[in-house]
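*Asks:* One structure, as C-alpha cells, below. Some questions next.
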Amino acid sequence: MVYKGTVEQYAALEASSKFQTTSLYICGFLTAKMAAAAPPPPPCPAPTPATGSPENHPLFARIRLATKSDVPHIHKLIHQMAVFERLTHLFSATESSLSSTLFPNPSPPPFHSFTIFLLELSPTPTPFLSPHPTSSLFPPISKSFNFDLPISDPESHLFKSSETDAIVAGFVLFFPNYSTFLAKPGFYIEDLFVRECYRRKGFGKMLLAAVAAQAGKMGYGRVEWVVLDWNVNAIKFYEEMGAEILQEWRICRLTGDALQAYAHNT
C-alpha cells in the first residue's frame, strides 16, 4: 500500500495542536468529617509533587542531518527495524556498505539524493546548545516534551551520540522522486523508525513532519511511503497524520537474480 498526502497537509502539522505536548495535572485531596466540638485539624502541608510529575521528566528532542560518523547507529537502527518487520532474512547491509552509498565522496547536497534525519534525545537541553556542523545545511529542529514517568532505555549506552551526550532514538531516510501528473518533484520515504521504548510519544510525528515541512519549503508536490499491511498501529498513525491510503496500488520489485538476468540482455 502506498500512502500519499498533500504537502499542505503535512507542512501544517508542525504548527497544529497535534504536535503540542500537553500535560494533565490531577490533584486529589482527602478530607474527614469532624465533630462540632472537635478541634480543627492542623493545616494540610503543601502537596508534594508525585514521583511521576511531568515537571520531573522533561525530554528534549532534536532532529538534525545525519553524517558519516552516525553510520554505526544508523546500521543498528536499520537492523532493529528489520527485526521488527520480520525481514531479517533480507538484511545484508553493513556499516561499510551504508557509509559508501549514503555518504559518498563527494556527497551531493542534502535533499538532492539520499538524506537522513536523525532523532536525538536528552533529559537536558545542554547537548543541543552548540550548533551542529550540519546546521548551515539544515537548521536542526528542536522540541521539548514532558512525560508523566521517566522513559527506561536499556540500550542507551549503545546509542549514545558520537558528537554529544544525547541518545539516538530514531531516523528517517528519504530521497527525491517525481510525479509526472503533477510535474513536480516530491520525497519518497524509504524508512521511518523509532526505537521501541520511544514509540507512541510523538517522536515519529516529529520525524514525518520534518520531511513534510522540507518538501513544502522546496515547493514539492507530495510525500510518499509504504507500510506493511499487518502493521495496524503504523497504518492508524499515518491516517491520523492525514495520509491517503491507495488500496488500488501494489508494489512491483525486481531484485536479486531476476534483476541480474537483465544485465546480460544488453
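Computed from the coordinates by the stated procedures, all read-outs in this text should not be read as laboratory data. Quantities reported herein were computed from a predicted structural model and do not represent experimental measurements. Cβ coordinates were reconstructed from backbone atoms using ideal geometry, including for glycine residues, and neighbour counts include every protein chain displayed.
*Asks:* Could you point to the residue in H264, N231, C252 farthest towards the positive end of the stretch 224-266's charge dipole, with +1 and -1 charges on the Cβ of Lys/Arg and Asp/Glu respectively?
*Replies:* Most positive-ward Cα: H264.
*Asks:* Please compute the length gained on full extension between N233 and S142, using 0.36 nm multiplied by the number of residues separating them and subtracting their Cα-Cα distance. Present the calculation step by step, with values, prior to reporting the outcome.
*Replies:* Numbers: separation 91, 0.36 × 91 = 32.76 nm, distance 2.54 nm.
Additional length available on full extension: 30.2 nm.
*Asks:* Sticking with this one: Is there a pair in K143/K236; K160/K205; K68/K205; K68/K217; K160/K236 whose C-alpha atoms are over 28 Å apart, and which pairs would that be? List each step's numbers first, then the result.
*Replies:* Numbers: K143/K236 24 Å; K160/K205 22 Å; K68/K205 25 Å; K68/K217 25 Å; K160/K236 31 Å.
Over 28 Å apart, Cα to Cα: K160/K236.
*Asks:* Now a separate question. Got a sec to turn the phi values of the stretch 191-203 into Karplus ³J(HN,Hα) couplings, 6.51 cos²θ - 1.76 cosθ + 1.60 with θ = phi - 60°, whole Hz, x for Gly and Pro?
*Replies:* In residue order, the calculated couplings are 9, 9, 9, 10, 4, 3, 5, 10, 7, 6, 10, x, 6 Hz.
*Asks:* Let me ask you something else. Take every Cα pair under 8 Å in the stretch 83-237 that's 6+ residues apart, average their separations, divide by the length, and report that relative contact order as a whole percent.
*Replies:* Values: 156 pairs, mean separation 32.8, N = 155.
That works out to 21 percent.
*Asks:* If you don't mind, another one. Which of rounded, prolate or oblate describes the stretch 125-181 when judged by the alpha-carbon gyration tensor and an a/c cut-off of 1.5?
*Replies:* Details: a/c = 2.03, a/b = 1.59, b/c = 1.28.
Here the stretch 125-181 falls in the prolate category.
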